[in-house]
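Asker: Before I ask anything, here is the structure I am working with.
The values are calculated or read from the model by the stated rules, or taken from the named source; none is laboratory data. The structure displayed is predicted, hence computed values, not measured ones. Heads up, the Cβs are rebuilt from the backbone with ideal geometry, glycines too, and the neighbour counts pull from every protein chain shown. Only protein heavy atoms, including side chains, enter the accessible area calculation; ligands, DNA and RNA are left aside. Shrake-Rupley method; radii C 1.70, N 1.55, O 1.52, S 1.80 Å.
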Amino acid sequence: MTRSEPIIEDKRLEPIAEKVRAGPPKAGAPWAHERLTFEDGVALYRTNDLLALGWLGNYVREQRHGNICYYNVNRHINPTNVCVAHCRLCAFGRDAAVPGAYTMALEQVFQTAASGYSEAVTEFHIVGGLHPDLSFDYYVDLVRGLKQRFPRVHLKAFTMVEVHYLSRLAKLPVREVLLKLKEAGLGSLPGGGAEIFHPRVRKVICDHKTSGQMWLEIARTAHELGLHSNATMLYGHIETEEERVDHLLQLRALQDETHGFVCFIPLAFHPANTALAHLPPTTGFLDLKNIAASRLLLDNFPHVKAYWIMLTPAVAQVALRFGADDIDGTVIEEKIYHDAGAQTAQALRRSELIRLIREAGREPVERDTLYRPVTRTAGGEPRIDTTLTVNV
Ligand code: V47
């Protein structure tokens with residue numbers, strides 16, 4: 001593990017390094033460090049001293065998680081790609097009449113859930129388009145039906161944007177929608193739909209989508225109801241460095257209030273097949289910067305995930321030494337990034353994830369959605385320590 005001095009070439013990083021390394025350890029929180037400011041955040045994004053930035057991100061990551069790298073055995077399910085939002089950033093959503101549009105009947109959702117690898121999954125990650133005709137009952141029955149058939153699998157479902165849409169569809173307050181889904185078996189919410197909160201950016205990349213303020217408000221409500229969630233940031237399109245920092249600090253402020261976020265996932269924009277296809281794809285340099293900067297700014301987020309699907313397994317592996325402590329999971333069937341031209345596989349086996357993690361010199365730990373350790377019986381059945389409600 002890294003414990004020596006960082007080599008800092010960019011002098012603007014020196015005061016930041018002091019804050020990061022000087023923090024008097026708080027009882028029970030030895031990773032705590034002096035909080036970074038908006039200006040510090042901008043300096044992190046402006047520097048080209050990637051190795052110093054990565055050293056600092058890795059320092060915080062190791063203070064917090066030692067040598068552990070988490071992964072999970074999960075399956076993505078996208079019940080429909082029909083979507084009324086028409087976000088410019090997206091290659092997945094389409095109108096119902098367009099070739100390639102699909103909407104699964106509930107039986108198809110249940111069959112899809114059971115298909116794929118034989119290894120028992122511990123999580124279904126469920127997100128889809130904002131369908132104009134499906135009823136709120138479809139979503140409640142989907143959750144209830146999955147829970148009945150797969151009682152031990154955690155259902156991480158529906159972004160804040162989908163919850164907002166469902167509340168309008170059902171003409172119910174967001175709180176009621178979340179309560180009904182929770183009662184049906186919803187376990188937590190994924191982090192999608194956050195994009196960049198700043199209205200200037202949203203107007204261009206997702207103008208009909210839930211506003212940044214509303215996204216945060218729905219996350220707050222979910223957390224108040226005891227539902228944990230993740231958070232994301234989509235970078236590498238038209239956003240400025242200031243807008244990235246603003247996004248991260250808004251997440252940090254909400255986390256101070258609710259402590260409901262489990263994991264942050266920086267998402268690299270993939271332009272192919274979107275209305276923004278003229279933009280270049282992100283680079284490895286920017287991808288690693290985002291991992292390190294978010295680890296440093298989000299001092300109250302337990303986990304930072306290097307989502308291998310969008311980073312590629314190769315960059316995700318390097319990210320495990322730039323601030324990330326999680327590499328996501330087996331995924332099994334990914335559509336959103338692959339519609340946008342991702343060249344990665346659609347799934348990785350558990351053994352492949354373990355190999356990636358070990359080769360980065362980290363110790364793989366299988367986790368469930370709430371970061372409780374998972375052990376496997378000789379037959380491959382997952383065992384989770386349910387005395388822990390959450391391990392963050
Ligand atoms: O919200 C859509 C993004 C997100 C594109 O919570 C695109 O554990 C890049 O949120 N290029 C969905 N990104 C994915 C997501 C996620 C993924 C993995 C884990 C978790 C989690 C959440 O994907 C959307 C949007 O920000 N997205 N289109 C695109 N062309």
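Asker: Taking the options H86, H125, name whichever one is open to solvent by 20 Å² or more (accessible area, probe 1.4 Å) and not in a loop (DSSP other than H, G, I, E, B). Can you show your working first?
Answerer: Details: H86 fails: not in a loop (DSSP other than H, G, I, E, B).
Within the list H86, H125, the selection yields H125.
Asker: Output the qualifying pairs, or none if there are none: Cβ atoms under 8 angstrom, residues six or more apart or on different chains, first residue in region 240-264 and assigned to a helix (DSSP H, G or I), second residue polar (S, T, N, Q).
Answerer: R244/N290; L248/S294; R252/N300; Q255/N300; D256/N300
Asker: Collect the residues in region 35-58 that are surrounded by fewer than 16 Cβ atoms within 10 Å (Cβ to Cβ), charged (D, E, K, R) and farther than 10 Å from D10 by Cβ, keeping them in residue-number order.
Answerer: Across region 35-58, the qualifying residues are R35, E39.
Asker: On to the next question. When only residues in region 371-389 that are under 19 Å from I327 (Cα atoms) and assigned to a loop (DSSP other than H, G, I, E, B) count, which is nearest to the chain's Cα centre (by Cα)?
Answerer: Y371
Asker: While we're on this one: Scan region 288-304 for residues that are touching a Leu at 6+ places or on another chain (Cβ under 8 Å) and open to solvent by 10 Å² or more (accessible area, probe 1.4 Å) and jot them down.
Answerer: If we filter region 288-304 for residues that are touching a Leu at 6+ places or on another chain (Cβ under 8 Å), which is where we start, we get 288-289, 292-294, 296-299, 301, 304.
Selection gives L288, K289, D299.
Asker: Of everything in region 193-219 that's open to solvent by 50 Å² or more (accessible area, probe 1.4 Å) and in contact with a Gly (Cβ under 8 Å, 6 or more places away or on another chain), which residue is farthest from the ligand (Cβ to nearest atom)?
Answerer: Initial filter on region 193-219 (open to solvent by 50 Å² or more (accessible area, probe 1.4 Å)): 198-200, 203-204, 207-208, 211, 213-214, 217.
Filter once more, keeping what is in contact with a Gly (Cβ under 8 Å, 6 or more places away or on another chain): 198-199.
Values: H198: 14, P199: 16 Å.
Top of the filtered list is P199.
Asker: Examine region 155-163 for a residue that is open to solvent by 20 Å² or more (accessible area, probe 1.4 Å) and either closer than 26 Å to R376 by Cβ or modelled with pLDDT of 95 or more (or both), and state whether such a residue exists. Give the derivation first.
Answerer: The initial filter retains those residues of region 155-163 that are open to solvent by 20 Å² or more (accessible area, probe 1.4 Å), namely none.
Scanning region 155-163, I find no residue that is open to solvent by 20 Å² or more (accessible area, probe 1.4 Å) and either closer than 26 Å to R376 by Cβ or modelled with pLDDT of 95 or more (or both), so the answer is no.
Asker: Are there any pairs, at least 6 apart or on different chains, whose C-beta atoms fall under 7 Å, with the first in region 163-174 and in a loop (DSSP other than H, G, I, E, B) and the second surrounded by 15 or more Cβ atoms within 10 Å (Cβ to Cβ), and if so, which?
Answerer: Once the first residue is in a loop (DSSP other than H, G, I, E, B) and sits in region 163-174, its partners that are surrounded by 15 or more Cβ atoms within 10 Å (Cβ to Cβ) give P173/S167.
Asker: I've got another one for you. Hey, any hits in region 277-287 for a residue that's in a helix (DSSP H, G or I), touching a Lys or Arg at 6+ places or on another chain (Cβ under 9 Å) and under 17 Å from G323 (Cβ atoms)? Give the derivation first.
Answerer: Within region 277-287, the subset in a helix (DSSP H, G or I) is 284-287.
Then drop every residue that is not touching a Lys or Arg at 6+ places or on another chain (Cβ under 9 Å), which leaves none.
Within region 277-287, not a single residue is in a helix (DSSP H, G or I), touching a Lys or Arg at 6+ places or on another chain (Cβ under 9 Å) and under 17 Å from G323 (Cβ atoms).
Asker: What do you reckon, is D325 more than 13 Å from the ligand (Cβ to nearest atom), of a type in the set (D, E) and in contact (Cβ under 8 Å) with a residue 60 or more places away in the chain? Full working, then the answer.
Answerer: On the way: more than 13 Å from the ligand (Cβ to nearest atom): yes; of a type in the set (D, E): yes; in contact (Cβ under 8 Å) with a residue 60 or more places away in the chain: yes.
Yes, satisfied.
Asker: Let me ask something else about it. Can you work out which of the residues in region 247-271 that are in contact with a Pro (Cβ under 8 Å, 6 or more places away or on another chain) and of a type in the set (A, V, I, L, M) is surrounded by the fewest Cβ atoms within 10 Å (Cβ to Cβ)?
Answerer: A268
Asker: Here are some residues: A272, A253, A293. Which one is within 13 Å of the ligand (Cβ to nearest atom) and either at pLDDT 95 or above or more than 20 Å from G192 (Cβ to Cβ) (or both)?
Answerer: When all the criteria are applied, what remains is A272.
Asker: Evaluate region 92-99: report whether one residue or more is small (G, A, S), without any contact (Cβ under 8 Å) to a residue 12 or more places away in the chain, within 30 Å of T375 (Cβ to Cβ) and open to solvent by 20 Å² or more (accessible area, probe 1.4 Å).
Answerer: Checked region 92-99: no residue is small (G, A, S), without any contact (Cβ under 8 Å) to a residue 12 or more places away in the chain, within 30 Å of T375 (Cβ to Cβ) and open to solvent by 20 Å² or more (accessible area, probe 1.4 Å).
Asker: Can M160 be described as of a type in the set (A, V, I, L, M) and either under 25 Å from W215 (Cα atoms) or within 16 Å of the ligand (Cβ to nearest atom) (or both)?
Answerer: The answer is yes for M160.
Asker: Then there is this: Output the residues belonging to region 67-80 that are within 11 Å of the ligand (Cβ to nearest atom) and at pLDDT 95 or above. Give the derivation first.
Answerer: Of the residues in region 67-80, the ones within 11 Å of the ligand (Cβ to nearest atom) are 72, 74, 76, 78.
Of everything in region 67-80, those that are within 11 Å of the ligand (Cβ to nearest atom) and at pLDDT 95 or above turn out to be N72, N78.
Asker: Let me ask you something else. Please list, ordered by residue number, the helices (runs of 4 or more DSSP H) wholly in region 305-362 having 1 or more residues that are open to solvent by 40 Å² or more (accessible area, probe 1.4 Å). Explain how you work it out, then say what you get.
Answerer: Working: elements: 308-311, 313-319, 336-339, 350-359.
The helices (runs of 4 or more DSSP H) meeting that bar are 313-319, 336-339, 350-359.
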